[in-house]
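The values are calculated or read from the model by the stated rules, or taken from the named source; none is laboratory data. Everything numeric here is computed off the predicted structure, so don't read it as measured data. FYI the Cβ positions are ideal-geometry reconstructions off the backbone, even for glycines, and counts take in every protein chain you see. Just so you know, the surface numbers come from the protein's heavy atoms only, side chains and all, with ligands and any DNA or RNA stripped out. Shrake-Rupley method; radii C 1.70, N 1.55, O 1.52, S 1.80 Å.
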Amino acid sequence: MRHDTRPALGILGGMGPLATADFYRRLIECTPAGSDQAHLPVVMWADPAVPDRTTALLGEGPSPVPALVEGARWLRRAGAGCIAIPCNTAHAYAEQLSRATGVEVLDMIRAALEAAARRTPGLERVGVLATRGTRLTGLYECAGARLGLDVMQVSDAVQEEYVDAAIRKVKGGAHRAEPERWIATATESLRERGAQAAIAACTEIPLISAAAARVLPLIDSTDALAEAAVARLWHPTGGVRTPVRTD
């Protein structure tokens, strides 16, 4: 039972497990709290058995929506006032989740693009390093158009050889040196296409992005989501802002 009566941040995670743990660490690090008690209350549902989002979007596997809705409803019952999903591709289902549960889902895609605009003066063209599922849905392209940004993707060949391969390696727990080089190569291809900055738009990519950050200004979508959660819920008195339910 929770002893903290403040609205909690719900983390709908497990996609993948390492990315979820990384998000929680970053959330703590970016919260300007002066004590343990001043941090945001958090409840987490981390189910690694959620069907693969990219496979589903490509029509090659079962929908993750039932599992995501189950997790989101559990988070609401546990006291979540809003939900953060540290998985870019899962945001293809964010509106469905919000409608099904009545809980606000923080917009990771918009947060990442807004962070890119803030951190890169004069930004017009931003490259995206993402899963094939995220590419297929056009999540970043649609959000970018609303913000006046031209969103660029790597070529299909670079996607398959470097980006997809790097994401698989991280999810598989492999040594990170090789996939880090692959992500740097993919970032170089974005620079050659005219990108002024790049977004690590899969939550596994920030774990292997050090070399890529030396190629272009690199915006971490995990950090952007953590910052959005803090902005939404935390305030300096040590309390928590109360989100408005959507039902």
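Tabulated results
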item: Any hit, segment 35-54, residues being in a helix (DSSP H, G or I) and within 20 Å of the chain's Cα centre (by Cα); result: yes
item: Filter pass, T20 being in a helix (DSSP H, G or I) and among the hydroxyl-bearing types (S, T, Y); result: yes
item: Scope segment 69-80; condition outside any helix (DSSP H, G or I) and open to solvent by 10 Å² or more (accessible area, probe 1.4 Å); matching residues; result: A78, G79
item: Hits in segment 49-68 (condition: within 21 Å of A100 (Cα to Cα) and surrounded by fewer than 17 Cβ atoms within 10 Å (Cβ to Cβ)); result: A49, P51, P62, S63, P66
item: Of the criteria (1) open to solvent by 20 Å² or more (accessible area, probe 1.4 Å); (2) on the phi < 0 side of the Ramachandran plot, which one G148 fails; result: (2)
item: Pairs with Cβ under 8 Å, 6+ apart, first in segment 33-49 and of a type in the set (D, E, K, R), second open to solvent by less than 50 Å² (accessible area, probe 1.4 Å) and outside any loop (DSSP other than H, G, I, E, B); result: D47/G13; D47/A67; D47/G71
item: Members of segment 185-204 that are in a helix (DSSP H, G or I), touching a residue at least 24 places away in the same chain (Cβ under 8 Å) and open to solvent by 10 Å² or more (accessible area, probe 1.4 Å); result: T185, E188, S189, R191
item: Tally, over segment 93-114, of residues that are closer than 17 Å to A200 by Cα and either surrounded by fewer than 24 Cβ atoms within 10 Å (Cβ to Cβ) or hydroxyl-bearing (S, T, Y) (or both); result: 4
item: Residues being modelled with pLDDT of 95 or more and in contact with a Ser or Thr (Cβ under 8 Å, 6 or more places away or on another chain) - total across segment 23-39; result: 2
